[in-house]
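Presented below is the structure to which this report refers.
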There are 2 protein chains.
Amino acid sequence: MPASTTFTVTPETQVRRRPERASYDRAAAYAILDEGLVATVAFVAGETPCAIPMAYARHADVLLLHGASSSRLQRLLAGGGRVGVAVTLVDGVVLARSAMHHSLNYRSVVVFGQCSEVVEEGEKLAALARLVDHVLPGRSAESRPPNALELRATRVFALPLEEVSVKCRSGGPLEDADDLGLSHWAGVIPLELRASAPLADALHAPRGAVPAAAVAYDRRRFVPFKEVVP
Amino acid sequence: MPASTTFTVTPETQVRRRPERASYDRAAAYAILDEGLVATVAFVAGETPCAIPMAYARHADVLLLHGASSSRLQRLLAGGGRVGVAVTLVDGVVLARSAMHHSLNYRSVVVFGQCSEVVEEGEKLAALARLVDHVLPGRSAESRPPNALELRATRVFALPLEEVSVKCRSGGPLEDADDLGLSHWAGVIPLELRASAPLADALHAPRGAVPAAAVAYDRRRFVPFKEVVP
């Protein structure tokens, strides 16, 4: 069954502050997840809330996370405890005439849920390939695949993309009418994560050519990942 | 008493995975916090771990967070519950000859602690000015200060910078020796949050000139905030 195009709003995913900036649209969430590189995973260790940055990838309707089998976080994820995950892209600094209307332009996704471990070898290999392809499309086919030892040393977790909200701000400052006559400049400084030219491994000169996708690297232009429909 | 130059390592702040990438150096943490724009705050609502992106600023040895007085998160922060906060800067994509050695270059700070609310009016105004100056140095003096109504509608929280760890990765791929002969290209695609030319408020043309700090906006070159020593 294909996933619904909008997420069902729950008490936890409902955006209460500035709900006009919220969306529960699956395609909007996936575009942000496919552009981002780092997710911050919130989990409870003992009684302490922890926030840990992690690499991730989206694969169809799940968010993939992975890490060393021995790590504390992986053990927690394997335990099936609830997590909260945030991915945030910063698009600009908003300068208003009044101090209090200064803001940031951003696009963010927040996901709640419980992870399940990806254990079946074929699925695990596909998930690991997807984690590599998330940083550079097609790269998993152009690098040495994981061997048995590496597979054992790594755990992969899948978080279903069902409890999801999107929140974005874009555009210029929103001022009080009384402030529009003030002489302070107001506007936006656009910000963007930009790549510069790839640097070859300085310790061991690579034998092959730089991948074309690395030369023209631009996450804003990433074609979102599409599930291959069998 | 001046703060110690290194953070005391606790069971919670100790980096267990790849401890060689960890640091407990106050100056290293502050440089990352001063460059970043968004913090992801982890807290527990009911029994659910939540991860919420927020604007923040560092002021001396505290991290400042703020938000609408009415919001759920502000009420939680005011309750003095423990939070975890992560700030992550992405510096590059690391392409290795083997799939499993693909990585990201990054600099991250994780903070644990309990917030206290900034209630004294003078301190609150200073904190709000610092939150504005974090996005653009000197901007609080070049915009309308908060009025009494705005002050009441906003709560400011201070998280002491004492339970802090830094984790960074930099440099090229770390390959297995057996993989060095493979023909795959290996290296780094550097990434950087870059600004483009400021865009004036399109709805209401600003009367003043663009601030010089906005024209040359570059967070990598930010002079870290220094506490004025009396």
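Table for the structure above
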read-out	value
Among the candidates B:V44, B:V9, B:V94, B:V85, residue that is under 30 Å from A:A214 (Cβ atoms) and either outside any loop (DSSP other than H, G, I, E, B) or out of contact with any helix residue (DSSP H, G or I) (no Cβ under 6 Å at 6 or more places or on another chain) (or both)	B:V94
Which numbered condition B:C168 misses (of (1) within 19 Å of B:R107 (Cβ to Cβ); (2) surrounded by 20 or more Cβ atoms within 10 Å (Cβ to Cβ))	(2)
Residue satisfying condition, being within 18 Å of the chain's Cα centre (by Cα) and without any contact (Cβ under 8 Å) to a residue 12 or more places away in the chain, within set B:A60, B:A51, B:A31, B:A55	B:A51
Conditions (1) surrounded by fewer than 17 Cβ atoms within 10 Å (Cβ to Cβ); (2) within 30 Å of B:S23 (Cβ to Cβ): number failed by B:L149	(2)
Candidate set: the stretch A:110-135, residues that are of a type in the set (A, V, I, L, M, F, W, C), closer than 30 Å to A:V215 by Cβ and crowded, with 19+ Cβ neighbours inside 10 Å; chosen: the one farthest from the other protein chains (Cβ to nearest Cβ)	A:A127
Conditions (1) over 21 Å from A:T88 (Cα atoms); (2) surrounded by 15 or more Cβ atoms within 10 Å (Cβ to Cβ); (3) among the basic types (K, R): number failed by B:R18	(2)
Subset of the stretch B:54-80 (residues that are touching a Ser or Thr at 6+ places or on another chain (Cβ under 7 Å) and either modelled with pLDDT of 95 or more or among the polar types (S, T, N, Q) (or both))	B:S69
Residues located in the stretch A:88-108, provided they are over 15 Å from B:Y56 (Cα atoms) and over 21 Å from the mean Cα position of the chain (by Cα)	A:L95, A:A96, A:R97, A:S98
Pairs with Cβ under 6 Å, 6+ apart, first in the stretch B:206-221 and more than 7 Å from every other protein chain (Cβ to nearest Cβ), second assigned to a helix (DSSP H, G or I)	B:R219/B:E35
Filter result for the condition that a residue is surrounded by 23 or more Cβ atoms within 10 Å (Cβ to Cβ) and farther than 19 Å from B:R220 by Cβ, over B:V87, B:V41, B:V62	B:V41
Yes/no for B:L191 being out of contact with any strand residue (DSSP E or B) (no Cβ under 8 Å at 6 or more places or on another chain) and either under 30 Å from B:G113 (Cβ atoms) or touching a residue at least 12 places away in the same chain (Cβ under 8 Å) (or both)	no
Which listed residue, of A:E192, A:E142, is over 24 Å from A:I32 (Cα atoms) and buried (at least 16 other Cβ atoms within 10 Å of the Cβ)	A:E142
Test: A:S140 is polar (S, T, N, Q), within 7 Å of another protein chain (Cβ to nearest Cβ), more than 16 Å from the chain's Cα centre (by Cα) and in a loop (DSSP other than H, G, I, E, B)	no
Candidates A:R169, A:R152, A:R107, A:R97 - the one that is touching a residue at least 24 places away in the same chain (Cβ under 8 Å) and within 7 Å of chain B (Cβ to nearest Cβ)	A:R97
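The values are calculated or read from the model by the stated rules, or taken from the named source; none is laboratory data. If you're wondering where the values come from, they're calculated on a predicted model, not measured in any experiment. Note that each Cβ is placed from the backbone with ideal geometry, even for glycine, and that neighbours are counted across all protein chains shown.
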